[in-house]
Amino acid sequence: MRGSTVARFALLLTAFAALAAWAGAQGPAPALSPEQRAKLFKSNRTLLENLVENGITLADADDPLKRAEGCRATAATLGNYLKRAVTEDQNPDRVVELAELMTAVVREGLVPNVAEADRTIPLVSRRERERLASVQKDAAADLDAIRAAIAAGGKVGDNEKVKAAIEALTGLKEKIKK
């Protein structure tokens, strides 16, 4: 029991550290119009609310499969905002930031929990094995959708920093699928 509490605390701490790093890396922004500021504030507020809700769910997860499901939900939330940054905002810097956050969630949360669930779920537990396969399939599909959005993203997709960030993120797909 104590080990799972430590693991939950570590995952929650990692998520909040990633958010803090993201917020700290914002640096001075160019002057935005009041409309742009309002839109960005609303988008960031909704994103943070979703991430906090996912973090609470993740903190309550008491086994690796539930943690993998929570990490996948968190990654999917970031992926949705990443795709929006490509299609609506067309802001390469925001795409890179969200891709790096999503990469951290996938690399530090999803991949290890999928591996642990795969190692600890008995082969005869068909229902849990199906849930794990669903997490893996959905996470891989999320990464494919992000790659497709970037490919269709025009000049945002041509940005070298965006290409590198997306390559790092989608490079984790094989580790999820195992």
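The values are calculated or read from the model by the stated rules, or taken from the named source; none is laboratory data. Quick caveat: nothing in here was measured; it's all calculated off a predicted structure. A quick note on method: Cβ atoms are made from the backbone with ideal geometry, for glycine too, and the neighbour counts reach across all protein chains shown.
Things to note:
- Of the residues Val96, Val114, the single one that is at pLDDT 95 or above and surrounded by 12 or more Cβ atoms within 10 Å (Cβ to Cβ) is Val114.
Residue-wise test of (1) over 18 Å from Tyr81 (Cα atoms); (2) more than 14 Å from the chain's Cα centre (by Cα).
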site	(1), (2)
Ala141	no, no
Ile150	no, yes
Val162	no, yes
Glu167	no, yes
Lys175	yes, yes
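- Contacts under 8 angstrom Cβ, first residue in the range 123-137 being closer than 18 Å to Glu174 by Cβ, partner at pLDDT 95 or above and hydroxyl-bearing (Ser, Thr, Tyr), 6 or more apart: none
- Selection over the range 47-90 of residues that are buried (at least 17 other Cβ atoms within 10 Å of the Cβ) and not in a helix (DSSP H, G or I) gives a count of 1.
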